[in-house]
Protein chains: 2
Amino acid sequence: MSQTTADDEFGLRPGEVAVPLPAQTDAGLYFIGRIRTPWKARKECPKNAREARESGVVCTIEVDPRWAQALKGVETCSHLIVLYWMDRARRDLVIQRPGHYDTGRATFSLRSPVRPNPVALSVVRLVRVDGTRLEVIGLDCLDDTPQLDIKPYFASTDAIPEATVGWHAETKR
Amino acid sequence: MSQTTADDEFGLRPGEVAVPLPAQTDAGLYFIGRIRTPWKARKECPKNAREARESGVVCTIEVDPRWAQALKGVETCSHLIVLYWMDRARRDLVIQRPGHYDTGRATFSLRSPVRPNPVALSVVRLVRVDGTRLEVIGLDCLDDTPQLDIKPYFASTDAIPEATVGWHAETKR
């Protein structure tokens with residue numbers, strides 16, 4: 001485990017903490033498609049999912065033709081959960097300091113792509129399905145991001161309007 | 001691709017369709033902990049996330065001590081998104097027929113564990129954090145299920161109470 005007070009040889013920012021990763025992975029993922037967005041560099045991406053949704057920018061999920069039949073009925077969903085792979089994120093930080101925070105935050109209390117398994121999750125609004133291409137609103141990732149899964153969003157179990165994130169509410173006061 | 005009209009040598013039910021899986025996986029996952037539930041066999045598990053939540057059964061997520069520091073602040077969240085790995089599910093079905101359906105359904109229109117990447121997602125209510133043990137309500141998986149990620153649930157982006165799943169609403173009429 002290493003903790004730093006200044007940017008160091010491991011690329012850590014002040015306050016960030018890294019741990020050694022396990023010697024090997026335990027399971028494998030297939031990339032089932034690619035996400036097409038207008039954003040080619042991180043600084044161009046929306047800051048978060050809310051900004052992405054409010055921007056109204058339509059992104060396209062291009063599913064590999066292998067999985068075409070698995071999409072039947074998806075067009076009847078108003079919203080989907082999209083899982084994708086943040087392939088450029090480091091995986092060993094337990095405390096991290098995203099650019100817009102002034103202090104280190106614990107990985108599992110954040111939605112940052114930096115986590116042991118960089119599986120990102122977005123709830124998106126489905127605009128249109130054209131064969132294996134899904135047009136959606138609400139993604140904030142880089143162009144060409146590998147896609148892992150599509151799930152129907154069920155309000156009955158997935159929508160918790162009263163949910164709160166205490167530490168985040170504190171930072172807004 | 002294979003389609004069947006009766007249970008066949010590949011273990012397919014009538015109407016199910018399998019496709020060949022890619023020759024190799026594209027990325028690796030670390031199991032970061034284990035989920036402890038009272039359910040040792042599939043038939044004992046709650047039928048879905050709603051039933052799990054309404055049952056009020058408390059399950060425990062045991063996070064590997066390696067990631068202990070990554071949990072700081074998680075205790076301030078009322079709800080979490082938990083990602084876990086359905087390690088006993090087959091990955092090659094594009095049309096499947098879960099036991100309680102009378103027809104084949106497309107994989108990406110279902111929340112079934114059977115999918116190319118069997119990453120399950122549950123929104124849970126956090127009851128208590130005790131070191132690296134998280135007590136939660138809302139999981140419906142087998143005991144000893146490998147855990148992949150914990151994310152804070154943000155109502156501002158994750159809660160869409162008006163979302164609808166057309167095909168599912170049809171089946172209830």
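Does A:Glu75 satisfy the criteria of being surrounded by fewer than 20 Cβ atoms within 10 Å (Cβ to Cβ), charged (D, E, K, R) and closer than 26 Å to B:Ala169 by Cβ? For A:Glu75, the condition - surrounded by fewer than 20 Cβ atoms within 10 Å (Cβ to Cβ), charged (D, E, K, R) and closer than 26 Å to B:Ala169 by Cβ - is met.
Of all the residues in segment A:124-153, those that are surrounded by fewer than 21 Cβ atoms within 10 Å (Cβ to Cβ), touching a strand residue (DSSP E or B) at 6+ places or on another chain (Cβ under 7 Å) and over 28 Å from A:Val17 (Cα atoms) number 9. Within segment B:119-173, being within 12 Å of chain A (Cβ to nearest Cβ) and at positive phi holds for one residue alone: B:Gly138. Applying the condition of being assigned to a loop (DSSP other than H, G, I, E, B) and among the small types (Gly, Ala, Ser) to segment A:23-59 and asking which residue is farthest from the other protein chains (Cβ to nearest Cβ) yields A:Ala41. Every condition in (1) within 7 Å of another protein chain (Cβ to nearest Cβ); (2) of a type in the set (S, T, N, Q); (3) closer than 30 Å to B:Val165 by Cα holds for B:Gln69 except the one numbered (3). Here B:Leu83 meets each of (1) within 14 Å of the chain's Cα centre (by Cα); (2) free of Cβ contacts under 8 Å to residues at least 24 places away in the same chain with one exception, condition (2).
Taken together, the values in this text are just the output of simple stated rules run on the coordinates, not laboratory data. On a predicted model such as this, the values are computed, not experimentally measured, just so you know. All Cβ positions, glycine included, derive from the backbone under ideal geometry; neighbour counts span all protein chains shown.
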